[in-house]
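The values are calculated or read from the model by the stated rules, or taken from the named source; none is laboratory data. Everything numeric in this text was worked out from a predicted model, so none of it was measured. Note that we place each Cβ from the backbone using ideal geometry, even for glycine, and neighbour counts take in every protein chain shown. Keep in mind that these areas ignore ligands, DNA and RNA; they rest on the heavy atoms of the full protein, side chains included. Shrake-Rupley method; radii C 1.70, N 1.55, O 1.52, S 1.80 Å.
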Amino acid sequence: LEGLCQETCRGSSGINAEYGGKIDSLRFRSVAISDLKLGRKVCLKANKINENASNKNAYIVFEHEECLDKALSKNGTKVDEHCIRVDKVVKSKQEVKDDSKNSIFIGNIPFAATEEEVRAALVQCGDIEYVRLLRDAKTNIGKGFGYVKFVDSSGVMFAMKIKDNVEVNGRKLRIQRCKSKITLENTKKAKVLKAKKKEEAQKASFRGRKSKSSDKSAFQSTKPKSRNKKVDPEKRPKKNKVMSKHKFDKKVNKASKKGGPPSKKARPDKK
């Protein structure tokens, strides 16, 4: 249940009589507190509730499934001048698709706007099943966006035609079509598969930055050796020095005086 006013806190006995079945549990949620510093538990025990908050939510668990259909039939009924929204907690895939077909997304909503004001602005488009405005869990102040579900898809078509002329409290609304969670998940999966195929194509053509280790080893032998490698001077091979003709003549003169021939290693330069 969503849209209940702060003063509405019915007991389980009244709801039992209304829906014709027993209730396992009844829990009220999203109760706005007045002092954020104290915390939610302390404020609820001390009854420090924000009186400016207009609505809250409740969760009901029935003993039998037969009561669920009766409860869903109460959707849109007025309770203390508030149109309540009654919906299932868990839905099937087909129900999620149907909701997205008949729903629109609304943005740029004033924070202080209520569900009744949004409903009054879009009632010209067709019969509205429910209006859902997302609110802060602690302060119960609107976040500026929400959803409107129509009874059939014709309301969505008409809302898209007049989307530029819808205002709430002097503020123009931003209206878009809704996309279901299933389609969003499918698009995400498609993007992941596309990225994987792209990586595999790059690895196969060796044009991408990433490649397999087996492919790299095939090209290691063909890589040219770099010429700028550092060589240890001790391991560098020694070259025979070539003597100039002047030095060679001096050495020959010394050897002739001593009476021996010059060494074979010392040879004059041809120049």
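General remarks:
- Number of Lys pairs (Cα under 16 Å; 8 or more positions apart or on different chains) in region 24-129: 10
- Accessible area expressed per residue, region 30-159, with surrounding protein chains retained (probe 1.4 Å, Å²): 59
- Were the residues from Lys138 through Asp24 laid out at 0.36 nm apart, the gain over their Cα-Cα distance would be 38.4 nm.
- Protein heavy-atom surface of region 36-185, 1.4 angstrom probe: 50% of the accessible area is carbon and sulfur, with nucleic acids and ligands not counted.
- Highest to lowest packing among 118-130, 42-54, scored as the average C-beta count within 10 Å: 118-130, 42-54
- Remark: C-alpha extents of region 40-192 on the principal axes read 49, 45, 37 Å, sorted largest to smallest.
- Nearest-0.05 FRET efficiency for Ala195 and Ser73, computed from C-beta distance (R0 51 Å): 0.60
- Evaluated over the Cα positions of region 74-152, the convex hull gives a direction-averaged projected area, one quarter of its surface, of 5.9 nm².
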